[in-house]
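Here is the structure we will look at.
The numbers here are math on the coordinates, done by the rules we state, and not lab data. Keep in mind it's a predicted model, so treat the numbers as computed, not measured. Virtual Cβ from ideal backbone geometry, glycine too; neighbours counted across all protein chains shown.
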Amino acid sequence: MLLFQSIIVYTLFAWLLAYNAKLSIRDNTVQVHNYGLPKHLWICLFIFAFVSGIRWYVGVDYPSYLFDYEQMLNGNYQVRSRGIELGFLWLSKLCATLKLHYTLYFAMFASLQIYFILLAFKQRRYLLPTMLVVLIMGGYYFSMMNGIRQQLVACTFIWATKFIIEKKKIHYLIWVAIAYQMHHSVLLLVPIYFFAYYKTKWNNTKLNVSIFIFCILMGNTPYWIGKMMVFSNLLSWMGYDNYLENLTDSDTFRSFSIGPRMIVVLATYIFCIINYNKVSLYFKDRAFDLYFKLFMIGCCGYYLFINTTLVFLRPIEYFTIFALPVCAYTLIYLKRKNALYFYIMAFCAMAFTFLSCYADYNVVEEERRMQLFQFCFDHWDGI
């Protein structure tokens, strides 16, 4: 029953987002403020926030966020305050002061996440229907309400890339300063301005594929990761101290394993890499070239550190999120130019959620079924 429920909810969720995003394309005649959205994108935001708010136990960090917020509701505002960024703490205290139910608390953060994604592509709305489907069905959604603070910063980073494209260094640094109040790790993105500003295009397909494969092979047995302890103090300061304790534990290093989910993700990334030149030439969009650079950092970094600990994977999430626009550009191009490749890539890009739900359904321990969609109402203890 839970498997069937999850498949229905995720599918309907993705369809509603894509449907309203498609309707928003017709809103081009409506004048919208710089930080405003067309009507149908506001509907997308509401749907995303509602579904995210009522979803229960979305990841390993969820119980601690829920516990802390419930403590705040009871007047204990000092819980875990040390080490928590001021911006996040202020928003949490505001919600607690207003006595908002935890569903509204999580919905509020979800609305902020999706707002910046929608805002980033407000002028490229033709990408949003595909992108939002990939977001939900490609599994990227699973992490958004787990690592709430960093994922919110990652979503704002997509929007802030416009400052790189427009060469607005001061605006970019102001964004970093504001985002720092949500997660300290945003400081890792300061050098990205200068790296991404470098105009060289990564148009050597063979080299890109070779680098990607090299990272996969290197990540197979990453015993060299212990040498990275030199960065432990920096990582702790960035807010990853909770993940450092197992860094040198050899039991956390495992052999590279390939299953259905790994295959569909690898295939999706390969499609994006080998079609980059054609897609870039077709759209002639400077933003796409920047997204692809950041995407390459993300997919290569992910497979380089995939068999290590979360302390290295978490920062990579700032870049893997750019798989969303890169996949959208590539799928739209293939739909117009190569129907067979389009259907193959579309299947790979959108199969992850189904495969994850099936895998979690077969897990005995209920607390590890984090990909299945559980309604909070089944665990409701009252407002």
(request) Excluding Met131 itself, calculate the net charge of residues whose Cβ lies under 13 Å from the Cβ of Met131, where each Lys or Arg counts +1 and each Asp or Glu counts -1. (result) +4
(message) Need the list of lysines near Lys278 for cross-linking: C-alpha distance under 28 angstrom, and skip anything on the same chain fewer than eight residues off.
(response) Lys22, Lys122, Lys162, Lys167, Lys199, Lys201, Lys206, Lys293, Lys335, Lys337
